[in-house]
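All remarks here apply to the structure that follows.
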Amino acid sequence: RGARARVLYGLGYVYREQGDDPAARAAFAQALELHRAEDDRHGEALVLRAVALCHRAQGQYADAERLLRGVLRVFTELHDTFGVMYTEQSLAKVELRLGLLDASRERLGRCLELARERQDRFGEALVLRTLGEWHLASGDADSAREPLERSLSLWEALRLPLWRARTLWDASLTYHINERF
């Protein structure tokens, strides 16, 4: 059951990336059921974080926030620092979309520190991108450029063109915003 749950989680992730929300949710629901049958709290938390990202992508921020706060508690109890960091980054993005800029910025600072401490270059790039988004949301396009450019460099070094493209989109907004004013 554990191996099947991990495969379903991976399929759900692929479906979510492809924008097929119903297929992603169905795969995650099956994975969640299997993790629960195995009493695998870590696997369950990973899947619930993924479900929260589906909610976030659909603009269902209250549902995403509720799930992420519960997942954060589980990863904290399990002493999973990577799980905590990635969940905090996801929660910071929800807070950002809800206009909770102070809470989001504080959370992102902790995430960046941990990603660098653990030498997690993917995590660092992800958090830097989110920091750029934070600056854009706060109306400071000039300050958004630096973290976005650092994120782009890391995506390039990691050879992750999809993440680089997503970050380029955010970086393009720094110029578009300045042109409007």
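Assuming R0 = 35 Å, can you tell me the calculated FRET efficiency for the pair residue 156 and residue 79, based on Cβ-Cβ distance, to the nearest 0.05?
Values: r = 33 Å, r/R0 = 0.94.
The formula returns an efficiency of 0.60 here.
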Counting Lys +1, Arg +1, Asp -1, Glu -1, what net charge surrounds residue 17 among other residues with beta carbon under 14 Å of its beta carbon? +2
The chain: proportion of alpha-carbon pairs further apart than 23 angstrom, %: 43
In whole Hz, with x marking every Gly and Pro, tabulate ³J(HN,Hα) for segment 61-75 from phi via Karplus 6.51 cos²θ - 1.76 cosθ + 1.60, θ = phi - 60°. 5, 5, 5, 4, 4, 4, 5, 5, 5, x, 4, 4, 4, 5, 4
Among 30, 60, 43, whose Cα sits farthest toward the positive end of the charge dipole of the chain (+1 at Cβ of Lys/Arg, -1 at Cβ of Asp/Glu, about the Cα centre)? 30
Quick one: net charge of residue 150's neighbours, Cβ under 14 Å, K/R +1, D/E -1? -1
Extension gain (nm, one decimal) between residue 17 and residue 118, 0.36 nm per residue minus Cα-Cα: 33.7 nm
Distance in nm between label sites at residue 137 and residue 41, each 7 Å beyond Cα in the beta-carbon direction? 2.9
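With an 8 Å cut-off on Cα pairs and a minimum separation of 6 or more residues, tell me the relative contact order of segment 119-181 in percent.
For segment 119-181, the relative contact order is 36 percent.
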May I ask you to list the trypsin sites (Lys or Arg not before Pro) in segment 102-131 that are in a DSSP loop and have at most 14 other Cβ atoms within 10 Å of their Cβ? 118
On C-alpha positions alone, give me the angle between the axis of helix 2-17 and the longest principal axis of the chain, in degrees, nearest 10. 30
Keeping the other protein chains in place, figure out the carbon and sulfur percent of the accessible area of the chain, with a 1.4 Å probe. 52
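Per DSSP helix of 4 or more residues, -39500 (n - 2.57); summed, then divided by the residues of the chain. What does that give at 222 nm, rounded to the nearest 500? Please report the intermediate quantities before stating the final value.
Numbers: 9 runs with 156 residues, N = 181.
Only helices count here, giving -29000 deg cm²/dmol.
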Per residue, how many Å² of accessible area does the chain show with a 1.4 Å probe? 53
Using a simple charge model, +1 on the beta-carbon of Lys and Arg, -1 on the beta-carbon of Asp and Glu, nothing else, what dipole does the chain show about its Cα centre, in debye to the nearest 20? 320
Just want the answer: with Cβ charges of +1 for Lys and Arg and -1 for Asp and Glu, which residue in 8, 76, 119 is farthest toward the dipole's positive end in the chain? 8
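The values are calculated or read from the model by the stated rules, or taken from the named source; none is laboratory data. This structure is a prediction, so every number in the text was calculated from the model and none was measured. Here Cβ is always computed from backbone atoms with ideal geometry, including for glycine, and neighbour counts include all displayed protein chains. Ligands, DNA and RNA are excluded from the accessible area calculation, which covers all protein heavy atoms including side chains. Shrake-Rupley method; radii C 1.70, N 1.55, O 1.52, S 1.80 Å.
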